[in-house]
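In what follows, a structure is listed as structure tokens, so that the remarks can point back to it.
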Amino acid sequence: MIRVEDLHRHFGGFRAVDGASLSIETGSITGLIGPNGAGKSTLFNVVAGVLPPTSGRVFMDDEEITGLPPHELFHRGLLRTFQLAHEFASMTVRENLMMVPGQQTGETIWSTWLRRGQIEREELELRKKADEVLEFLTIRHLAHERAGNLSGGQKKLLELGRTMMVDAKVVFLDEVGAGVNRTLLGTIGDAIVRLNKERGYTFCVIEHDMDFIAKLCDPVIVMAEGKVLATGASDEIMQNEAVIEAYLGT
Ligand code: ADP
Ligand code: MG
């Protein structure tokens with residue numbers, strides 16, 4: 001589904017991503033691991049159109065998507081989750097879900113007035129969809145909670161929920177488990193597996209918790225110093241000498 005070819009992203013003279021090539025197969029939950037500073041988040045940001053690459057190419061379903069802006073990629077079903085933006089913290093969980101871009105019809109005051117009925121119907125539909133998403137994620141009881149009051153793990157579930165409000169094809173999750181307790185991490189893992197099995201989402205997941213990665217991901221891609229070191233099943237990866245050395249070296 002996604003192919004990254006010889007990708008470079010430099011900051012000044014520093015090579016954060018230094019000739020990385022990798023593939024994410026359709027239908028997979030692919031893990032991306034590596035020591036801090038390996039270039040994982042930078043690679044995500046380039047693939048998701050947040051940062052332009054210094055050089056290299058990115059393909060989605062064999063079509064080149066290098067350098068396309070995030071909204072264009074969003075339109076194609078490529079989503080990267082972000083930490084909750086500040087301005088959304090005071091809105092409720094359900095309102096946050098209903099804020100997904102590209103769904104509302106009303107562009108001008110005039111057309112809004114003309115199409116009031118349609119807009120009301122769309123709003124009702126959005127609300128229904130948001131409630132289904134909350135149900136799926138087992139957080140229906142949080143619908144009216146302010147997003148800013150959620151725990152770290154609940155915020156991660158909300159981020160995942162926002163990808164479910166649109167027809168996502170491939171979702172990039174950066175450190176899904178960071179600061180999340182065991183129980184919620186389990187819930188997040190279950191939601192990822194269900195989205196993969198039931199809705200056909202492809203995932204690429206950056207996470208430091210190796211138990212989480214081993215349980216969820218196949219294959220696992222290991223990055224170090226801006227390059228891909230190894231790709232394989234999680235048990236193979238853990239025995240790979242170059243990988244062990246990269247982790248010990250930091
Ligand atoms: P990872 O996610 O694997 O921990 P990052 O992609 O965040 O690694 O960072 C890779 C390297 O690039 C780090 O050394 C980081 O300091 C550097 N880096 C990331 N973003 C920037 C930036 N905007 N400006 C300068 N250096 C950056
Ligand atoms: Mg990172």
What length, rounded to one decimal in nm, is gained on full extension from VAL50 through to ARG127, with 0.36 nm per residue of separation minus their alpha-carbon distance? 24.8 nm
Quick numbers on region 1-80, Rg and Dmax over C-alpha atoms in Å, give 12.0, 37
What number of lysine-lysine pairs in the chain show an alpha-carbon separation below 30 angstrom, given a sequence spacing of 8 or more or placement on distinct chains? 27
Based on the alpha-carbon set only, what is the convex hull volume of the chain divided per residue, in Å³? 141
How far is the Cα center of region 1-52 from the Cα center of region 169-242, in Å? 15
In debye, nearest 20, what is the charge dipole magnitude of the chain about its Cα centre with +1 on Lys and Arg Cβ and -1 on Asp and Glu Cβ, if you could check? 720
Using a simple spin-label model with points 7 Å from Cα along the Cα→Cβ vector, what separation in nm is obtained for ALA242 and GLU72? 3.3
Hey, rough spin-label estimate for HIS141 and THR183, points 7 angstrom out along Cα→Cβ, what's it come to in nanometres? 0.9
Give me the percent of Cα-Cα pairs in region 127-250 that sit more than 19 Å apart, rounded to a whole number. 52
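Read-outs: derived from the displayed coordinates by stated rules, not from any lab. Keep in mind that this is a model prediction, so the values were computed, not measured. Because the Cβ atoms are built from the backbone with ideal geometry, glycine has one as well, and the counts that use them run over all protein chains shown.
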